[in-house]
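*Asks:* Here's a structure for you.
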C-alpha cells in the first residue's frame with residue numbers, strides 16, 4: 001500500500017499546511033489586484049508577499065545564493081523533512097520536482113549573483129540536491145498543469161516498483177512576466193478574482209506557490225492522514241494542443257479507469273477548475289459522462305489562482321487536510337451554474353464524513369490526470 | 001481594397017505559418033475558420049496580434065474577432081473602417 | 001519480456017532508423033532548414049507541422065521515422081499506448097523567443113502561437129493528435145538521456161495497464177539538437193517485428209550508440 005504523509009504548502013495564505021487550511025476554512029482568498037514591477041496595469045494574482053519571504057530567509061543556508069523558487073522550495077522540502085524525520089541522504093528516498101517553468105525569472109535578468117544555468121530545470125534540480133545532500137539526483141517532471149498530480153502518481157509507481165520507500169513530491173512555480181504575458185496573449189486572464197464553474201467566469205488568475213508531500217510505503221509515516229493513493233492515471237485528449245476536448249475525452253478516460261464503478265464513498269472531487277470558459281465546461285461534461293453528477297465538486301483556484309506546476313500537489317494536500325477535518329471546502333467564486341454538464345458544486349463549507357476523494361487536472365498539450373485517495 | 005487583401009494574404013501566411021498554402025489559393029470571400037484554411041483558436045488569437053502589430057488596431061473584445069475574421073474581405077473592410085490601411 | 005521494436009535517431013542533420021542512416025542533408029543547413037528537408041524526405045503531408053516550434057517538429061519527425069515501417073499503430077490499442085519523452089532544456093529554446101517578444105516595451109507582441117509551445121509536453125500532445133494516441137503521458141527533464149529512468153518508468157506503465165509506449169529524448173537548445181525515439185511493446189505471444197530487443201537499460205544504451213554518423 002502506498003500512503004500520503006507529511007506535507008507543506010507555501011502560498012500567499014501561509015507557510016505551512018495548517019496556516020493554509022485555516023485561511024481557506026475562514027474563506028480568506030490569496031488572490032488580489034496588485035501592481036507588478038513590470039507593468040502599469042493592475043493584475044489580479046495570488047502573490048506571496050516579499051516581506052513574508054524575507055522573514056523566512058533565516059531558515060535557509062546562504063539564502064542570497066538562491067532564486068525565489070529555490071528559496072521557497074528549500075523551505076517547503078525542509079518542513080516535510082523535519083516533520084517526517086527522514087534523512088535527506090537516505091538511499092531509499094527520492095525527490096520528484098514538478099514545475100512548468102522553474103527558474104524562468106532568470107531569463108528576465110532578475111538576479112545578479114545567480115548562475116544563469118539554473119534556468120535549466122535539471123541544473124535547478126541539482127542545486128536542490130546539493131543543498132539537501134540528497135542521495136539521488138531529483139527527477140524533474142514538466143507536464144503542464146497536470147505535473148503536480150502526475151508527479152504524485154509517478155511517486156506511487158516508483159515505490160511499487162521497489163526502487164524507493166519514500167518519494168518527496170515538490171511542486172512549484174512563481175509569478176513571472178513570462179507566464180503573465182503569455183496567458184494574457186491567450187486572452188485567458190481574469191481581472192477579478194476567478195469564478196470556477198460560474199456563469200460569469202471569464203478566465204484564470206495566476207498564482208505562485210510551492211507545495212511538498214511525502215509519498216511512502218512506511219506505515220508508521222501514514223499518520224495522521226491514514227490515507228492511501230488507491231490509483232492514478234493520465235490520458236491525452238489527442239484533440240488540440242491548447243483547447244480541451246469539447247467532450248472531455250481524456251478526462252473521461254481517466255475517470256472511468258480509476259473510479260472502478262464504486263463511487264459510493266467518494267466525498268468530493270477536487271477539480272482542476274481554472275475558470276476559463278472551455279476548461280470548466282469540458283470538466284463538467286467529463287464528470288457527468290462518468291456518472292459523477294451527484295458527487296460534490298470544488299475548485300481551489302478561487303483561493304490560490306492557478307499555481308501551474310504546484311497546483312496538483314497543493315490541491316491534493318489541502319484536500320487531504322479537508323478529509324482529515326471531515327469538511328468540504330466551498331468552491332470559492334461559484335454562484336450560478338455556468339456549465340452544461342450536470343454537476344454538484346460545493347456552495348458553502350460544510351461538515352461531512354467521507355473516506356475518499358478524487359483529484360483531477362487537465363492541461364495544455366491535451367493532458368489529463370486523475371488520482372483517487374482513500375482512508376485506510 | 002484589393003491591394004490590402006493581397007497584402008493581408010502574405011501577412012496571414014507568414015504569421016500563421018501556412019507554409020503549404022499559396023496566396024492565390026485563398027479566396028477573399030471564403031471563411032477563414034472551420035473549413036477553408038482550417039484555422040483554429042490559436043490562429044484567431046494570432047490574427048488579433050497581427051492587426052495590432054501591422055495596423056496598430058487593438059481589438060478590445062476578442063468576441064468581435066468572430067465577425068472581423070469571417071473572411072479576408074471582412075478583415076480588410078474592418079482595417080479600412082478603422083482608417084488604418 | 002517487454003520489447004523495443006523500432007527506433008529512430010536524429011542528429012548532425014542526419015536521420016537514422018534502426019541504426020542505419022536513411023536521410024542526410026547538407027551539414028551546413030540550419031536546424032530550420034534541416035527540419036524542412038527531412039519533412040520533405042518523409043513524404044507525408046501534415047500542414048500542422050509548419051505551425052510547430054522546432055522541438056515539436058524534431059520530435060514529430062523522429063517519431064514518424066521510427067513508426068514508418070512498423071505496424072505499431074495498428075497492432076496496439078492506442079488508448080493504452082503511452083508517450084514518455086525527456087530532454088535537458090525543457091522548452092527553453094521557445095522560452096527565449098517568447099521572452100524576446102516581451103523584452104522591448106516599444107515592440108511588445110507576445111504571440112499565443114509561440115507561448116503555447118513554452119511547455120515541453122506539447123511535443124507529446126502533437127504526437128498524440130497526429131496518431132490519436134490517448135494513453136499515459138509524462139515529460140521528464142534530465143541532464144542527459146537517462147536510460148534507467150525511461151526504461152523503469154516504461155516498465156512501471158506496462159505493469160499498471162499500458163500496452164505500448166513511444167519513448168525518448170527530444171532536445172533543441174540553440175544550435176544543438178538531437179532526437180532519439182524508440183517504440184516499446186508489452187510482451188506478446190507472437191511478435192512479427194523484425195527488430196526485437198528486450199526493453200532494458202543495456203538495449204537502450206546500445207541502440208542509442210549504434211548509428212555511425214557521417215562526419
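The values are calculated or read from the model by the stated rules, or taken from the named source; none is laboratory data. A quick note: this is a predicted structure, and the numbers were derived from the prediction, not measured. Cβ sites come from the backbone with ideal geometry, for glycine too, and all protein chains shown count toward neighbours.
*Asks:* Identify all residues within the range A:108-123 that are at the interface with chain C (Cβ under 9 Å from one of its Cβ atoms) and under 24 Å from the mean Cα position of the chain (by Cα); write none if there are none.
*Replies:* A:119, A:120, A:121, A:122, A:123
*Asks:* Looking at residue A:365, is it modelled with pLDDT of 95 or more, within 14 Å of chain C (Cβ to nearest Cβ) and under 19 Å from the mean Cα position of the chain (by Cα)? So that I can check it myself, show each step before the final result.
*Replies:* Details: modelled with pLDDT of 95 or more: yes; within 14 Å of chain C (Cβ to nearest Cβ): yes; under 19 Å from the mean Cα position of the chain (by Cα): yes.
Yes; evaluated as a whole, the condition is true for this residue.
*Asks:* To continue, here is another question. If we keep just the residues of the range B:16-52 that are assigned to a helix (DSSP H, G or I) and either surrounded by fewer than 15 Cβ atoms within 10 Å (Cβ to Cβ) or modelled with pLDDT under 90 (or both), which is farthest from the other protein chains (Cβ to nearest Cβ)?
*Replies:* So the first thing to find is which residues in the range B:16-52 are assigned to a helix (DSSP H, G or I), and the list is B:23-25, B:41-52.
Right, trim to either surrounded by fewer than 15 Cβ atoms within 10 Å (Cβ to Cβ) or modelled with pLDDT under 90 (or both) and you get B:23-25, B:41, B:52.
Numbers: B:23: 15, B:24: 17, B:25: 12, B:41: 5, B:52: 7 Å.
Once the filter is applied, the top-ranked residue is B:24.
*Asks:* Step by step: first the residues of the range A:207-239, then only those that are within 14 Å of chain C (Cβ to nearest Cβ) and out of contact with any strand residue (DSSP E or B) (no Cβ under 8 Å at 6 or more places or on another chain), then the one that is surrounded by the fewest Cβ atoms within 10 Å (Cβ to Cβ). Which residue is that?
*Replies:* Filtering first and then ranking leaves A:239.
*Asks:* When the residues of the range A:306-328 are narrowed to those that are in contact with a helix residue (DSSP H, G or I) (Cβ under 9 Å, 6 or more places away or on another chain) and part of a loop (DSSP other than H, G, I, E, B), which ends up surrounded by the most Cβ atoms within 10 Å (Cβ to Cβ)?
*Replies:* A:307
*Asks:* Of all residues in the range C:72-108 being outside any helix (DSSP H, G or I) and modelled with pLDDT under 95, which is nearest to residue B:55 (Cα to Cα)?
*Replies:* Filtering the range C:72-108 for residues outside any helix (DSSP H, G or I) gives C:76-77, C:81-91, C:104, C:108.
Add one more test, that the residue is modelled with pLDDT under 95, and what stays is C:104, C:108.
On the way: C:104: 19, C:108: 14 Å.
Once the filter is applied, the top-ranked residue is C:108.
*Asks:* Here's a follow-up. For the range C:109-215, list the strands (runs of 3 or more DSSP E) that sit wholly inside it and hold at least 1 residues that are facing chain A (nearest Cβ under 8 Å) and under 25 Å from residue A:233 (Cα atoms); which are they?
*Replies:* Strands (runs of 3 or more DSSP E) meeting the threshold: C:137-141.
*Asks:* Among (1) within 13 Å of chain B (Cβ to nearest Cβ); (2) assigned to a helix (DSSP H, G or I); (3) over 22 Å from residue C:90 (Cα atoms); (4) in contact with a helix residue (DSSP H, G or I) (Cβ under 7 Å, 6 or more places away or on another chain), which single condition is residue C:40 missing?
*Replies:* (4)
*Asks:* Can you name the condition, by its number, that residue A:185 falls short on among (1) touching a helix residue (DSSP H, G or I) at 6+ places or on another chain (Cβ under 7 Å); (2) within 11 Å of another protein chain (Cβ to nearest Cβ); (3) at pLDDT 95 or above?
*Replies:* (3)
*Asks:* Something else about it: Could you tell me whether any residue of the range C:10-23 is within 27 Å of residue A:366 (Cα to Cα) and either part of a strand (DSSP E or B) or under 16 Å from the mean Cα position of the chain (by Cα) (or both)?
*Replies:* yes
*Asks:* Check B:79, B:5, B:12 and return the single one that is within 13 Å of chain C (Cβ to nearest Cβ) and assigned to a helix (DSSP H, G or I).
*Replies:* B:12
*Asks:* Moving on to the next point. If you check C:65, C:34, which single one turns out to be in contact (Cβ under 8 Å) with a residue 24 or more places away in the chain, crowded, with 22+ Cβ neighbours inside 10 Å, more than 11 Å from every other protein chain (Cβ to nearest Cβ) and assigned to a helix (DSSP H, G or I)?
*Replies:* C:65
*Asks:* Can you tell me how many residues within the range A:224-244 are in a loop (DSSP other than H, G, I, E, B) and within 28 Å of residue C:121 (Cβ to Cβ)?
*Replies:* Total satisfying the criteria: 8.
*Asks:* In addition: Which of the residues that make up the range A:183-206 are without any contact (Cβ under 8 Å) to a residue 60 or more places away in the chain and out of contact with any strand residue (DSSP E or B) (no Cβ under 7 Å at 6 or more places or on another chain)?
*Replies:* A:184, A:185, A:186, A:187
*Asks:* Is it true that some residue in the range C:9-18 is away from every other protein chain (no Cβ under 14 Å), more than 18 Å from residue C:199 (Cβ to Cβ) and out of contact with any strand residue (DSSP E or B) (no Cβ under 7 Å at 6 or more places or on another chain)?
*Replies:* Within the range C:9-18, one or more residues are away from every other protein chain (no Cβ under 14 Å), more than 18 Å from residue C:199 (Cβ to Cβ) and out of contact with any strand residue (DSSP E or B) (no Cβ under 7 Å at 6 or more places or on another chain).
*Asks:* Among the numbered criteria (1) closer than 22 Å to residue B:46 by Cβ; (2) facing chain A (nearest Cβ under 8 Å), which one does residue C:90 miss?
*Replies:* Of the numbered conditions (1) closer than 22 Å to residue B:46 by Cβ; (2) facing chain A (nearest Cβ under 8 Å), the odd one out for residue C:90 is (1).
*Asks:* Could you pull out the residue among A:98, A:142, A:84, A:76 that is crowded, with 24+ Cβ neighbours inside 10 Å, at pLDDT 95 or above and away from every other protein chain (no Cβ under 14 Å)?
*Replies:* Step by step, each of A:98, A:142, A:84, A:76 is checked, and only A:76 is crowded, with 24+ Cβ neighbours inside 10 Å, at pLDDT 95 or above and away from every other protein chain (no Cβ under 14 Å).
*Asks:* Continuing with the same structure: Condition first: assigned to a helix (DSSP H, G or I) and farther than 22 Å from residue A:33 by Cα. Now tell me which residues in the range A:280-305 satisfy that. Working first, answer last.
*Replies:* So in the range A:280-305, the residues assigned to a helix (DSSP H, G or I) come out as A:280-289, A:301-304.
Result: A:280, A:281, A:282, A:283, A:284, A:285, A:286, A:287, A:288, A:289.
*Asks:* Something else now. Within the group A:274, A:247, which residue is away from chain C (no Cβ under 11 Å), assigned to a loop (DSSP other than H, G, I, E, B) and surrounded by 24 or more Cβ atoms within 10 Å (Cβ to Cβ)? Spell out how you get there, then give the answer.
*Replies:* Details: A:247 fails: surrounded by 24 or more Cβ atoms within 10 Å (Cβ to Cβ).
Residue meeting the stated conditions: A:274.
*Asks:* Being surrounded by fewer than 23 Cβ atoms within 10 Å (Cβ to Cβ), free of Cβ contacts under 8 Å to residues at least 60 places away in the same chain and either within 29 Å of residue B:58 (Cβ to Cβ) or more than 13 Å from every other protein chain (Cβ to nearest Cβ) (or both) is the filter here; which residues of the range A:145-182 pass it?
*Replies:* Answer for the range A:145-182, where residues must be surrounded by fewer than 23 Cβ atoms within 10 Å (Cβ to Cβ), free of Cβ contacts under 8 Å to residues at least 60 places away in the same chain and either within 29 Å of residue B:58 (Cβ to Cβ) or more than 13 Å from every other protein chain (Cβ to nearest Cβ) (or both): just A:181.
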